[in-house]
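Okay, structure first, notes after.
The values are calculated or read from the model by the stated rules, or taken from the named source; none is laboratory data. Nothing here was measured: the structure is a model prediction, and the numbers come from that model. Heads up, the Cβs are rebuilt from the backbone with ideal geometry, glycines too, and the neighbour counts pull from every protein chain shown.
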Amino acid sequence: VGSVRDSIYCAAAIWSLYQAYRRIDDDRGKSHELGQSAVKCMRGILECWIRQSDRVEHFKTNQCNRFALHCKFALNTGDEIYKDEDYFHLQIDVVSLYLIFLVQMISSGLQIIYTQDEVAFIQNLVYYVERAYRTPDYGMWERGS
């Protein structure tokens, strides 16, 4: 089971090492390797969420936690762990954390977003956070509804 929150923190740690090695690494080999590891982690999260893009579209018309993005996935397949009927947590904190680190990593020179479709999906994630803060949610504690 892969947690998006844990994966973001891992990517942030790797990205921090990338930043440090970029300043001291003469041959750029280690810094490039670390940077691409952070990119791979962030793109993995993006790909899992893009599979759920219909949820974000439904959320745009009906701000209901029934259309929440899942934040736990099978590591090998990228499929959701929980059934839709069992998962009603908006996880605004996770989506916001992802967006913050995405911007930081892109600003540092990493290329994470490759296509215009991915740009559109990221814009939808911003809209998701913008609308979701009005809907009750327990965030990382995942209790209640």
(request) Check CYS41 against each of (1) of a type outside the set (Gly, Ala, Ser); (2) farther than 19 Å from LEU125 by Cα; (3) part of a helix (DSSP H, G or I) and name the one condition it does not meet. (result) (2)
(message) It is to be established whether one or more residues within the range 18-40 are surrounded by 13 or more Cβ atoms within 10 Å (Cβ to Cβ), within 16 Å of the chain's Cα centre (by Cα) and among the aromatic types (Phe, Trp, Tyr).
(response) no
(message) in a loop (DSSP other than H, G, I, E, B), surrounded by fewer than 19 Cβ atoms within 10 Å (Cβ to Cβ) and at pLDDT 80 or above: is that true of TYR127 in this structure?
(response) no
(message) So the check is Cβ under 6 Å with 6+ separation or different chains; which pairs have a first residue in the range 92-108 that's under 15 Å from ARG43 (Cβ atoms) and in contact (Cβ under 8 Å) with a residue 24 or more places away in the chain and a second one that's of a type outside the set (S, T, N, Q) and assigned to a helix (DSSP H, G or I)?
(response) TYR98/ILE8; PHE101/ILE8; PHE101/ALA12; MET105/TRP15
(request) Considering only residues that are touching a strand residue (DSSP E or B) at 6+ places or on another chain (Cβ under 6 Å) and closer than 23 Å to LEU110 by Cβ, look in the range 21-73 and name the one that is modelled with the lowest pLDDT. (result) PHE73
(message) Take ASP25 and tell me if it is under 27 Å from PHE121 (Cα atoms) and not aliphatic (A, V, I, L, M).
(response) no
(request) Output yes when any residue across the range 76-91 is within 16 Å of GLN123 (Cα to Cα), crowded, with 18+ Cβ neighbours inside 10 Å and hydrophobic (A, V, I, L, M, F, W, C), and no when none is. (result) no
(message) Restricting to the range 19-44, give me the number of residues that are farther than 21 Å from ILE92 by Cβ and either touching a residue at least 60 places away in the same chain (Cβ under 8 Å) or among the β-branched types (Val, Ile, Thr) (or both).
(response) 6
(request) Residues being among the hydrophobic types (A, V, I, L, M, F, W, C), more than 13 Å from the chain's Cα centre (by Cα) and modelled with pLDDT of 85 or more: count how many of those fall in the range 87-124. (result) 4
